[in-house]
Every structure is written in C-alpha cells, then in structure tokens.
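Presented below is the structure to which this report refers.
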Amino acid sequence: MRIMAYPGLAMGTQTDRQTEQLVSYIAARALETVVEHRHGSDPVVKLASPDELQSEFDQVSSLALRPHDSVDNATLQQAVDLIIDRSVHTAHPRFFNQNFAGADPIAVAGDWLGSALNTTLATFEMAPVFTLMENAVVGRLAELLGYRPTTVETDANDPLRSAAGIMCPGGSTANMMALQLARHRKRPDSIRVGTGGERLTIFASASSHYSTGKAAAVLGLGTDSVIKVADGPDGTMDVAALSVAVQDSKDRGEVPFAAVATAGTTVTGAFDDLRAMATVTAEHDLWLHVDACFGGAALFSPRTRHLLDGVELTDSFVWNPHKVMGLTQQCTLLAVAEPERLDACFSSKADYLFQPDKLNAELDSGDRTFLCARRVDALKLWLTWKARGETGFTARVDHAMDLADHVRTRIAESDGQFVKMAPGSYVNVVFQWLPKELRSGPDWNPSQLSDDEREALHAVAPRIKARMQTEGTAMVGYQPTDGLNTFRLLFMNPAVTIDDVDETLRLIDDYGQQEWAAAAAKL
Ligand SMILES: *Cc1c(COP(=O)(O)O)cnc(C)c1O
C-alpha cells in the first residue's frame, strides 16, 4: 500500500509514512486473525486477570491515557499483538459460550469496507448504494416471512421503491422500536402527549429475553407493564395462559397492546407457537411482535423452517444475523408487515437533514428509525448473502443442527453421564453432567439429590468452566435450570467438527470428575 504524502495523514507526532505503516500492520494482523482462529491451534482464550492485563500493557504502553502520551509504531504494534493474544477467540472451534460464534470472514471484510467508506445510513444523499442495499436485504427478509408478495418480479420487491423495515444497532434496540410501533398503532397520539394515566400492557413468555422489560422501562411504560406468561413443558409460551392473562388485564382496566413471541429463546432455543398466538392477538387487537433475534436463521433450512410456522400472520419480526448466521456484530433487521407505520411513528421531519425538495429524498431512511447516524450494516450482510447464497445459509444452519443432534444423541446414549435438561429442536443443547456416583440413567432428575449433593453439583459447573478458561481448552456457557447449574452448548460456527464436540464433552467429564472429587470430599 502506498499512501504517502496524502494530505491529512500526518498528525501529532506521526508522519504520514508512520501512519501508513501502522495502518498496514493492523490490517494485516486483523486479516490473519480472521482466518487463523478457525483452525483452533491457539487456546480459545489466554486467561488473565484485570491486574495481569494492566501490568502486561504497562510493559508495552499503559492502558491509561496520559496528557503527553504519544507512542511510537513499534510499541503500538506490540500493543496490537497483545490485544489479539489476550482476546477471546470467538471463531475458535471450541468456543460454544455465546449466541454468536465463527464470524464469516466475508462479513468481517465487509464491515471494514463499510468503515473505510465511513458514512451514515440516514439519507440517500449520504448512502446511495447502502440505502438500496438495505431495502434489498430487508425486502428479501420480508418476502421470506410472507409479509409481502412473494415473487421476485413484483414491484414491491424493487429496492428503489420498497423499505419493508429497517436495520437497527442490535436486537434490543429493534425490539424497542417494534414495541413503539405497537403502542403507536394502539394510541397514535402517545407520540405527542405520552401515555397519560393509562396502563398499557405487553405480554411475553417467562423465558423471553430481558430486552422487552428494558424497552418497557425506556418507553415510559415501566417494567410492571410486561406481563410474563407461563411457559408450557416444552419451554414455549402457554398460549391458553396468554388468552387468560390478556382478559385479566382488560378486566383490571388496563389496555393490552402487544404480545412478544420469542422465536428461539436465548437459553433453550424454544419457539413460541406463532399461529396460536396470532389467534389470540387478533381477537384482542394486539400487535404481535416476533423476537427472532436468535431463531431467525431457522427461515433458511427446511429442517427448521416449520419452527416459524404462522410467521406471516405477525406484525413485526426482528432477526440478528450476527448470531447463528455469523455476521459481525452488530447486524439486526426489523421487518414490519405494514412498513409505512415506521414513517408515521418515527418521523421528525428535521428540516436541516430531510429536506423534502432534495434529490431522492423519498428514499431517506433516517426518518423511519429512532436513530440518527446508522452504521452501514447492510453492506456486510448484502455481500455475505450474495457470496454464500441462501444455499450457503442453509448449509450453515444444517451444520449447526447436525452438531446439536449429535450431542442430543450422545446424551441419549450416555447412560446417565449426561442428562437432557430442556427439550431442544434448534441449535441449543441444555444438559446436566453427572459424576459417576450420581448417575442413574436417562430418567435422572434433580429431585433425587440430597441438599448437600445438590449444592456440590451446583458448584461444579462454574469450576469446570473456570478450568476450561484457565487452560484455554474450550468455552461453554452454564445457567441455573430450576436453581441447579446446567450446561448450554450453542452451535453455529462452521469450523466446529464432531471431534471438537466430542472433545468438549470429554473435557466436561474429565474436569467434572476431578472437581466433583474435590467437592465431594467436603460432603
Ligand atoms: C440476543 C437476543 C436479544 C438481544 O439482541 P442484542 O442484539 O444482543 O441486543 C433479544 N432477544 C433474543 C431472543 C436474543 O437471543
């Protein structure tokens, strides 16, 4: 790369030559990282305490910024190496810790290109290409959902004409915007005058994501306005209980206005019954929002598409391609069945930005969202979608499902070493590991434990996890299920093999047996 002698590169103590050299170094190391971490030859994480991190940086260049700081390139390059070395390698084939993993390198590079062009997806003037790309990706999602005509030839799919929704910085923001749309439909005047003395209520399952409560707080409704509906035995919303809860709310003089269906709960991957919920929401005139942040990827495989049956009957849908589909964070789409509601709900008509007499002003997206500046996340998604094709998306989901099914089979055949703790039909597997002393076959359940055993077993999961982190061998999540810690494996990274999965189960058993022995000695 030759970028010498361009104006504005030299600044402070850096010459333009030095800036060029530093930029090249960072870009090269980043590119290497994108590919290398997938091999899994390095540890998943090289664990360090905050104090250790601080002192390692002190030896290079302190983390704290000081008034006269100015660091030479050799030092900054060491800092870049240290950053990569001490970060969690989420593309590593034994990283199962989170609802994202294994970023697609095309998305990573697309993200860089978007940053390099540094613009805002607010007006066509500033983002002519990205405005059309956003309409194209959201339009295709809406089409997959059955929100709009389903032939590619129809005008409604013409990116020049259509905005079937909007991209948002993360699922929490998108869920909040959907609830604002819902309130606006019920009480159009609330935009201007607020909610007044009425209690407007929202319904979501007990296992729904916490962003609904946060959104209710920010919208001025209060977290008490979110009525949690019990889950059935399969972890999805009990729809009969929804019906009762809505009627009870009305009987209390409240104004129910929205139900949130979760399509793929964060922990167990349960999908609420959209068709059944739509019957209840239609009867009571509620907005039906689908939080498919995690489960939206199910649209792309015949093995999982049925989990979203009835989605065409819903009012809005949020999907995070930055989760199962491996886009880089953040990448979130909000599709709306009646997208013109976005304008009515979010428009400010700021006359310094959205001048109606400007060229192509009708394509400006900035007045259809809560945000002002927006990253051009549409670019990386468009590039990845084009490059992989929907067959590539299908393959990604099917690979994840194969691995999850493999674990489900291993559990079923483990003779009580592992016990399934939640029904699962998606890429999540929630299970208990048991020490030899406590095994009693697949029908084992926690009520068999004495109080001491329960306490000891509860403490083993965090110790197993800590061993993995300390040794850098794997990263898995755990959470309490009925008050007892259980493990959760999440599959989505195409770099993960069956061997990685088996090795991770072996590690859980190996560390588990050692940690249990230590815990049991105290019983
Ligand atoms: C991850 C997740 C969210 C939140 O999305 P962010 O992009 O992290 O804000 C909301 N709902 C569900 C079901 C999720 O899994």
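Per-residue answers, yes or no, for (1) over 30 Å from VAL427 (Cα atoms); (2) aliphatic (A, V, I, L, M); (3) buried (at least 20 other Cβ atoms within 10 Å of the Cβ):
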{"site": "THR332", "(1), (2), (3)": "no, no, yes"}
{"site": "GLU340", "(1), (2), (3)": "yes, no, no"}
{"site": "ASP351", "(1), (2), (3)": "yes, no, no"}
{"site": "PHE354", "(1), (2), (3)": "yes, no, no"}
{"site": "LEU381", "(1), (2), (3)": "no, yes, yes"}
{"site": "ALA387", "(1), (2), (3)": "no, yes, no"}
{"site": "VAL397", "(1), (2), (3)": "no, yes, yes"}
Practice task
Only one of these is free of Cβ contacts under 8 Å to residues at least 60 places away in the same chain, buried (at least 22 other Cβ atoms within 10 Å of the Cβ) and small (Gly, Ala, Ser): ALA461, ALA521, ALA466. Name it.
Solution key: ALA461
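Within the range 316-325, is even one residue of a type outside the set (S, T, N, Q), surrounded by 16 or more Cβ atoms within 10 Å (Cβ to Cβ) and away from the ligand (no atom under 14 Å from the Cβ)? Working first, answer last.
Step one: of the range 316-325, the residues of a type outside the set (S, T, N, Q) are 317-319, 321-325.
Pick out the ones that are also surrounded by 16 or more Cβ atoms within 10 Å (Cβ to Cβ) and you get 317-319, 321-325.
Imposing the further condition that a residue be away from the ligand (no atom under 14 Å from the Cβ) reduces the set to none.
Checked the range 316-325: no residue is of a type outside the set (S, T, N, Q), surrounded by 16 or more Cβ atoms within 10 Å (Cβ to Cβ) and away from the ligand (no atom under 14 Å from the Cβ).
Out of the residues in the range 75-98 meeting the condition of being small (Gly, Ala, Ser) and either in a loop (DSSP other than H, G, I, E, B) or under 12 Å from LEU47 (Cα atoms) (or both), tell me which one is nearest to the chain's Cα centre (by Cα). First the steps, then the outcome.
Within the range 75-98, the first condition is being small (Gly, Ala, Ser), and the residues that meet it are 79, 87, 91.
After this cut, where a residue has to be either in a loop (DSSP other than H, G, I, E, B) or under 12 Å from LEU47 (Cα atoms) (or both) as well, the list is 87, 91.
On the way: SER87: 19, ALA91: 15 Å.
Among them, the one singled out is ALA91.
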Exercise for the section: Within the range 161-207, track down each residue that is surrounded by 24 or more Cβ atoms within 10 Å (Cβ to Cβ) and part of a loop (DSSP other than H, G, I, E, B). Expected result: ALA164
Practice task
Would you be able to say whether some residue in the range 251-261 is on the phi > 0 side of the Ramachandran plot and within 16 Å of the ligand (Cβ to nearest atom)?
Solution key: no
Completion exercise
Sole miss for ASP452 among (1) in contact with a Leu (Cβ under 8 Å, 6 or more places away or on another chain); (2) surrounded by 15 or more Cβ atoms within 10 Å (Cβ to Cβ); (3) of a type outside the set (Val, Ile, Thr) is condition (2)
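Given the criterion hydroxyl-bearing (Ser, Thr, Tyr) and either under 14 Å from ALA127 (Cα atoms) or within 19 Å of the chain's Cα centre (by Cα) (or both), identify the matching residue among THR384, THR369. Steps first, please.
Details: THR369 fails: either under 14 Å from ALA127 (Cα atoms) or within 19 Å of the chain's Cα centre (by Cα) (or both).
Criteria check complete, one pass: THR384.
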Exercise for the section: Sort out which residues of the range 477-523 are in a helix (DSSP H, G or I) and of a type in the set (Lys, Arg), and write them in order of number. Expected result: ARG506
Completion exercise
For LEU342, the lone unmet condition from (1) away from the ligand (no atom under 16 Å from the Cβ); (2) out of contact with any strand residue (DSSP E or B) (no Cβ under 7 Å at 6 or more places or on another chain) is (2)
Exercise for the section: Name the one entry in LEU121, LEU221 that is assigned to a loop (DSSP other than H, G, I, E, B), in the same structural domain as VAL290 (by TED's automatic domain parsing), more than 16 Å from the ligand (Cβ to nearest atom) and at pLDDT 95 or above. Expected result: LEU221
Exercise for the section: Considering (1) under 30 Å from ARG341 (Cα atoms); (2) touching a helix residue (DSSP H, G or I) at 6+ places or on another chain (Cβ under 8 Å), say which one LYS386 fails and leave the rest. Expected result: (2)
Practice task
For the range 212-229, indicate whether the set of residues that are more than 16 Å from ALA258 (Cα to Cα) and free of Cβ contacts under 8 Å to residues at least 40 places away in the same chain is non-empty.
Solution key: no
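The values are calculated or read from the model by the stated rules, or taken from the named source; none is laboratory data. It should be emphasised that the depicted structure is a prediction, and the values quoted were computed from it without experimental measurement. Backbone-built Cβ (ideal geometry, glycine too); neighbour counts: all protein chains shown.
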